[in-house]
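Here's the structure, in structure tokens; my notes come after.
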Amino acid sequence: MTQPSPAKQSSVAIIGGGPAGLMAAEVLANAGVRVELYDAMPSLGRKFLLAGVGGMNITHSEAKESFLSRYRERRAEIAHLLADFDADALRAWIHGLGIDTFVGTSGRVFPSDMKAAPLLRAWLKRLREAGVRLHTRSRWLGWNADGSLRLQTSDGEQALRADACVLALGGGSWARLGSDGAWVPLLERRGLSIAPLQPANCGFEVAGWSEHLRDKFAGAPLKNVALALDDEPARRGEFILTAKGVEGSLVYALSAAIRERINQAGSATLHLDLQPDRSLEKVSQLLAKPRGSRSMAKHLHSQLGLDGVKAALLRELTSPAQFADPALLAAAIKALPLTLLRPRPLDEAISSAGGVPFEQLDSNLMLRQLPGVFCAGEMLDWEAPTGGYLLTACFASGRAAGLGVLQWLNR
Ligand SMILES: Cc1cc2nc3c(=O)[nH]c(=O)nc-3n(C[C@H](O)[C@H](O)[C@H](O)COP(=O)(O)OP(=O)(O)OC[C@H]3O[C@@H](n4cnc5c(N)ncnc54)[C@H](O)[C@@H]3O)c2cc1C
């Protein structure tokens with residue numbers, strides 16, 4: 001008679017019931033391992049559900065090379081994870097849950113109803129049927145001296161023994177949904193050095209808008225504009241003027257570079273092109289047309305269609321002399337300097353940079369210093385823009401950690 005594999009006689013604790021932890025649980029349960037999953041919150045996948053509120057962008061359909069470039073300095077590490085579970089594999093996996101996907105005009109991939117809740121519901125059902133035991137209101141507090149896991153439950157603190165454990169605790173934003181970054185000191189106490197959690201895909205603050213701009217235009221979108229940091233090619237898109245600065249997809253796309261610049265230099269100056277479809281020559285030509293007794297504001301509107309929040313921002317960021325001089329104003333319209341001083345607080349960010357450095361993990365995502373402890377998801381030190389890249393890497397790392405645990409148990 002053949003003996004069951006060691007993994008099949010083992011029990012694994014997974015801490016964190018977001019996409020990364022649930023994916024690790026699925027891999028292990030499918031291999032016959034006993035899986036107990038714990039989450040501090042009263043229900044699982046709260047941030048995943050929030051991601052579904054504005055339309056769940058689960059992955060992206062662009063070609064592999066440009067997909068991987070989104071992970072910047074961590075391209076190689078994420079490529080290793082995606083080699084086994086890439087965007088196509090993720091889509092096939094979603095289809096396996098009975099949920100269709102579609103590619104939007106921007107190449108982003110969504111579930112057909114754009115929502116996260118049906119997907120999560122179907123997935124949790126399948127996990128339970130596979131034998132995964134899901135425990136909510138169970139907060140991991142670190143380790144006891146004997147190596148057991150400390151868990152705070154409604155019945156008080158418990159010591160938990162497991163043959164291996166996967167930590168999938170998320171980043172440090174939206175603490176009220178569970179990912180509060182409170183795990184950082186717990187790992188530091190075990191001698192790990194964690195890259196500080198920092199806001200990613202976040203808004204930024206300026207020195208202060210005038211009362212007029214803030215009161216009249218906070219919340220207004222600037223559509224079809226381009227932003228550039230230094231000599232980098234300008235990116236087109238849209239962003240939102242906020243009471244304290246700027247936020248929105250175009251700002252998020254540049255947020256890693258902006259944050260790094262602020263960290264180094266104390267501020268970051270971007271150049272905003274308010275008329276990306278017209279050359280400087282064309283804008284200058286149009287503004288140079290005689291305007292008679294019309295105000296410059298009216299001239300801007302009639303010649304360039306510039307009004308509302310765009311015209312107000314132009315006025316805010318130019319001197320009266322610049323605003324009155326067509327040539328200087330044309331230059332400002334094509335490259336309006338916008339200085340950002342600080343990111344908005346981490347808790348407001350869509351995701352966080354920083355976390356457990358890959359250098360402290362082996363290729364199976366096991367902590368080199370803590371054999372049998374694996375890490376996955378946003379708590380690892382990588383970042384990516386919005387566009388489905390965050391969830392794709394969370395799923396792939398959860399799967400890699402699950403497979404890593406299997407290999408380790410069967411070693
Ligand atoms: C507003 C918003 C919109 C987003 N939209 C998208 C999108 O469209 N596409 C995309 O790709 N990404 C999006 N994201 C990002 C995406 O949701 C996250 O990157 C992803 O959920 C991270 O998965 P995770 O499993 O690593 O961690 P999380 O989903 O954060 O899960 C971590 C889990 O660990 C639990 N936990 C933490 N500490 C403990 C502890 N000590 N003990 C027990 N449990 C603990 C938490 O309760 C939580 O359930 C969005 C995020 C936000 C905030």
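The values are calculated or read from the model by the stated rules, or taken from the named source; none is laboratory data. No experiment lies behind these values; they were computed from the predicted model shown. Please note: Cβ atoms are built from the backbone with ideal geometry, for glycine as well, and neighbour counts cover all protein chains shown.
Only one entry in Arg368, Arg344, Arg315 is of a type in the set (Lys, Arg), at pLDDT 95 or above and within 16 Å of the ligand (Cβ to nearest atom), namely Arg344. State which residue pairs qualify: first residue among the charged types (D, E, K, R) and inside segment 162-189, second residue more than 10 Å from the ligand (Cβ to nearest atom) and modelled with pLDDT under 95 in any location, beta carbons under 6 Å apart, and separation of 6 or more residues or different chains. Sorted first by the residue in segment 162-189, then by its partner, the pairs are Asp163/Ser10. Has segment 84-100 got any residue that is in a strand (DSSP E or B), under 24 Å from the mean Cα position of the chain (by Cα) and surrounded by fewer than 15 Cβ atoms within 10 Å (Cβ to Cβ)? Checking segment 84-100: not a single residue is in a strand (DSSP E or B), under 24 Å from the mean Cα position of the chain (by Cα) and surrounded by fewer than 15 Cβ atoms within 10 Å (Cβ to Cβ).
Looking across Glu77, Glu36, Glu62, one residue alone is assigned to a helix (DSSP H, G or I) and more than 9 Å from the ligand (Cβ to nearest atom). It is Glu77. Screening segment 373-404 for residues that are aliphatic (A, V, I, L, M) and closer than 24 Å to Gly32 by Cβ and picking the one that is nearest to the ligand (Cβ to nearest atom) gives Ala376.
What residue, of Val283, Val356, is over 22 Å from Ala268 (Cβ atoms) and touching a residue at least 60 places away in the same chain (Cβ under 8 Å)? Sole residue among the options that is over 22 Å from Ala268 (Cβ atoms) and touching a residue at least 60 places away in the same chain (Cβ under 8 Å): Val356. Taking the criterion of being in contact (Cβ under 8 Å) with a residue 60 or more places away in the chain, in a helix (DSSP H, G or I) and not small (Gly, Ala, Ser), the only residue of segment 1-17 that qualifies is Pro6.
The residue that is surrounded by the fewest Cβ atoms within 10 Å (Cβ to Cβ), counting only those in segment 39-59 that are in a loop (DSSP other than H, G, I, E, B) and more than 8 Å from the ligand (Cβ to nearest atom), is Pro42.
Total residues in segment 18-33 satisfying the condition of being part of a helix (DSSP H, G or I) and within 6 Å of the ligand (Cβ to nearest atom): the figure is 3.
Residue by residue through segment 241-252, note down the ones that are surrounded by fewer than 20 Cβ atoms within 10 Å (Cβ to Cβ) and either under 19 Å from the mean Cα position of the chain (by Cα) or of a type outside the set (Gly, Ala, Ser) (or both). Listed by number, the residues that qualify are Lys244, Gly248, Ser249. Do you know which of the residues in segment 101-132 that are outside any helix (DSSP H, G or I) and in contact with a Leu (Cβ under 7 Å, 6 or more places away or on another chain) is nearest to Phe67 (Cα to Cα)? The selected residue is Pro111.
Quick grid of which residues meet (1) polar (S, T, N, Q); (2) in contact (Cβ under 8 Å) with a residue 12 or more places away in the chain:
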{"residue": "Gly32", "(1), (2)": "no, yes"}
{"residue": "Tyr38", "(1), (2)": "no, yes"}
{"residue": "Leu44", "(1), (2)": "no, yes"}
{"residue": "Phe48", "(1), (2)": "no, yes"}
{"residue": "Asn57", "(1), (2)": "yes, yes"}
{"residue": "His60", "(1), (2)": "no, yes"}
{"residue": "Glu65", "(1), (2)": "no, no"}
{"residue": "Tyr71", "(1), (2)": "no, yes"}
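Annotation for segment 340-353: no member residue is free of Cβ contacts under 8 Å to residues at least 60 places away in the same chain and among the acidic types (Asp, Glu).
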